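Peer 1: Could you have a look at this structure, given as structure tokens, before my questions?
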Amino acid sequence: MKKVFAIALGILTAIGGFVDIGDLVTNGLVGARFGLALVWVVLLGIIGICVFAEMSGRVAAVSGRATFDLVRERLGPRVGLLNLFASMAVTLLTFIAEIGGVALALQLATSVNPYLWIPVVGAAVWIVLWRVKFAVLENAFGLAGLALVVFAVALWKLQPDWADLWRQASRPFVPHDESHTTYFYYAVALFGAAMTPYEVFFFSSGGVEEGWTSDDLGTMRANVFIGFPLGGLLSVAIAAVAAVVYQPEGVEVDSLGQIGMPVGQALGVLGIALVLIGFFAATFGAACETGLSVGYSIAQYLGWQWGKFVAPLKAARFHSVVLLSAVVAVGVLLTTIDPIMLTEYSVVFSAVALPLTYFPILVVANDRTYMGRHVNGRLANTLGTVYLVVVLVAAVAAIPLMIVTRAGQ
């Protein structure tokens with residue numbers, strides 16, 4: 001069991017990153033409109049996040065310091081501040097969307113208006129981040145999020161045409177009723193959702209919270225190479241279920257409830273129950289990740305004491321930032337802004353912030369001052385450089401595609 005719980009951080013990070021409210025909505029919508037013609041983007045994102053999460057985790061394990069802490073020191077306060085603003089804007093926007101996602105999940109379970117749940121969720125997230133131990137957080141929500149495996153079971157139960165699904169995935173094409181600009185808009189959105197900046201900040205900071213050293217590099221890599229592919233496969237299963245049920249009927253997916261309905265069609269009440277558990281665990285876990293990441297980023301840049309491994313009174317400024325973020329999130333959501341729309345914008349803006357997030361990680365991972373003999377090898381540098389080009393292309397294309405397609409409409 002110790003080995004299982006040792007990779008719980010990777011499971012929590014991956015489910016929070018790959019199957020948060022952004023991915024639940026985006027994958028369901030994309031599956032219904034494009035089938036599996038955009039699965040290649042998910043695979044691209046899995047490889048990319050594994051490359052940079054392994055770098056950031058290795059930096060944390062070898063240096064004992066989280067990524068943002070080293071970015072400011074290595075690149076200077078001005079570049080670090082630019083990185084902070086870019087990542088913070090996206091992470092806070094994602095945090096707001098995740099709290100809205102939890103409220104939507106609770107609405108599905110209780111039929112209570114989500115706006116009544118929003119203050120409760122905001123308070124609950126803050127209390128968990130303030131009082132619950134880090135190990136409990138990662139084990140509970142990381143493992144509960146595995147209930148979303150029910151989408152893979154439902155896909156098998158629906159008995160789709162597997163040959164057709166494979167054809168869609170292996171030979172990507174743009175459906176005749178969709179434009180190329182819309183296709184690539186959602187490609188950028190999926191890529192941004194897979195590689196959201198907070199994932200690496202949370203992962204590296206979580207490694208410091210758990211006291212990783214160079215002796216724990218094997219555990220760290222197990223977190224990366226098991227957790228993130230698992231999260232990616234769950235997101236593909238969600239898209240596939242939507243493709244099988246909704247695409248033939250031409251139904252557009254625009255709500256969280258629609259994403260879970262095919263599971264109920266395939267597996268009945270038990271399937272719906274597992275979906276609701278998975279939705280809640282994934283969105284609440286992602287809210288915890290993003291909330292902590294806001295606090296991690298600011299505290300590490302400013303040199304404050306931070307983390308759940310220290311008593312709250314000794315990290316009062318860190319916890320104050322987390323509390324303020326929760327208050328802002330609740331306030332924004334109570335304006336009645338649509339959490340689903342907020343989610344769609346957050347994943348696109350994530351793509352814009354990617355170069356500022358991942359370039360510093362590549363720089364630090366190559367610095368022998370911090371890394372010694374654990375600096376990047378040839379493969380890591382080659383993949384890292386290739387992906388920097390990809391994220392730069394995605395960042396440049398994101399806003400124009402959003403404008404031209406009117407956010408994918």
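Peer 1: List the number of the failed condition for G218; all other conditions in (1) open to solvent by 40 Å² or more (accessible area, probe 1.4 Å); (2) touching a residue at least 60 places away in the same chain (Cβ under 8 Å) hold.
Peer 2: Failed condition: (2).
Peer 1: Ok, one more. If I ask for residues that are crowded, with 24+ Cβ neighbours inside 10 Å and of a type in the set (S, T, Y), which ones from the stretch 248-299 would you list?
Peer 2: If the condition is that a residue be crowded, with 24+ Cβ neighbours inside 10 Å and of a type in the set (S, T, Y), then T283, T290, S293, Y296, S297 are the ones that fit.
Peer 1: Could you check the stretch 17-48 and list, in sequence order, the residues that are outside any helix (DSSP H, G or I) and under 11 Å from the mean Cα position of the chain (by Cα)?
Peer 2: If the condition is that a residue be outside any helix (DSSP H, G or I) and under 11 Å from the mean Cα position of the chain (by Cα), then V19, D20 are the ones that fit.
Peer 1: Of all the residues that make up the stretch 171-208, how many are in a helix (DSSP H, G or I), over 29 Å from M220 (Cβ atoms) and polar (S, T, N, Q)?
Peer 2: 2
Peer 1: Does E199 count as under 18 Å from the mean Cα position of the chain (by Cα) and of a type in the set (D, E)?
Peer 2: Criteria met by E199.
Peer 1: Looking at L362, L401, L342, can you tell me which residue is part of a helix (DSSP H, G or I), more than 15 Å from G192 (Cβ to Cβ) and not aromatic (F, W, Y)?
Peer 2: The unique qualifying residue is L362.
Peer 1: Something else now. Run L190 past the list (1) farther than 28 Å from V404 by Cβ; (2) crowded, with 24+ Cβ neighbours inside 10 Å and report the number of the one that doesn't hold.
Peer 2: For L190, the exception is condition (1).
Peer 1: What about E210, is it touching a residue at least 24 places away in the same chain (Cβ under 8 Å), open to solvent by less than 40 Å² (accessible area, probe 1.4 Å), touching a helix residue (DSSP H, G or I) at 6+ places or on another chain (Cβ under 8 Å) and of a type in the set (D, E)?
Peer 2: Answer is no for this residue.
Peer 1: Consider G377 against the criteria (1) over 19 Å from I47 (Cα atoms); (2) surrounded by fewer than 19 Cβ atoms within 10 Å (Cβ to Cβ): it satisfies all of them except one. Which criterion is unmet?
Peer 2: Condition not satisfied by G377: (1).
Peer 1: Continuing with the same structure: Looking at L334 and the list (1) surrounded by fewer than 21 Cβ atoms within 10 Å (Cβ to Cβ); (2) out of contact with any Phe, Trp or Tyr (no Cβ under 8 Å at 6 or more places or on another chain); (3) under 30 Å from N113 (Cβ atoms), which single condition is not satisfied?
Peer 2: Among (1) surrounded by fewer than 21 Cβ atoms within 10 Å (Cβ to Cβ); (2) out of contact with any Phe, Trp or Tyr (no Cβ under 8 Å at 6 or more places or on another chain); (3) under 30 Å from N113 (Cβ atoms), the lone unmet condition for L334 is (2).
Peer 1: Somewhere in the stretch 129-138, is a residue in contact with a helix residue (DSSP H, G or I) (Cβ under 9 Å, 6 or more places away or on another chain), surrounded by 18 or more Cβ atoms within 10 Å (Cβ to Cβ), within 27 Å of I277 (Cβ to Cβ) and modelled with pLDDT of 85 or more?
Peer 2: yes
Peer 1: Could you count how many residues in the stretch 76-127 are open to solvent by 40 Å² or more (accessible area, probe 1.4 Å), under 29 Å from V208 (Cα atoms) and in contact with a Pro (Cβ under 9 Å, 6 or more places away or on another chain)?
Peer 2: Qualifying residue count, the stretch 76-127: 1.
Peer 1: Here's a follow-up. Quick one: would you say S320 is within 29 Å of A394 (Cβ to Cβ), part of a helix (DSSP H, G or I) and not hydrophobic (A, V, I, L, M, F, W, C)?
Peer 2: No; evaluated as a whole, the condition is false for this residue.
Peer 1: May I pose another question? Does A394 satisfy being small (G, A, S), assigned to a helix (DSSP H, G or I) and over 30 Å from T213 (Cα atoms)?
Peer 2: Criteria met by A394.
Peer 1: Now for a different question. Limited to the stretch 55-75, what total is found for residues that are open to solvent by less than 20 Å² (accessible area, probe 1.4 Å), at pLDDT 75 or above and not hydroxyl-bearing (S, T, Y)?
Peer 2: 8
For (1) free of Cβ contacts under 8 Å to residues at least 24 places away in the same chain; (2) surrounded by 15 or more Cβ atoms within 10 Å (Cβ to Cβ); (3) at negative phi, each residue gets a yes or a no:
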position: Y345; (1), (2), (3): no, yes, yes
position: A365; (1), (2), (3): no, yes, yes
position: V389; (1), (2), (3): yes, no, yes
position: A395; (1), (2), (3): no, yes, yes
position: L401; (1), (2), (3): no, yes, yes
position: R406; (1), (2), (3): yes, no, no
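The values are calculated or read from the model by the stated rules, or taken from the named source; none is laboratory data. The shown structure was predicted, so the numbers you read here are calculated from the model rather than taken from an experiment. Neighbour counts run over all protein chains shown; Cβ positions are idealised from the backbone, glycine included. Heavy atoms of the whole protein, side chains included, go into the accessibility calculation; ligands, DNA and RNA do not. Shrake-Rupley method; radii C 1.70, N 1.55, O 1.52, S 1.80 Å.
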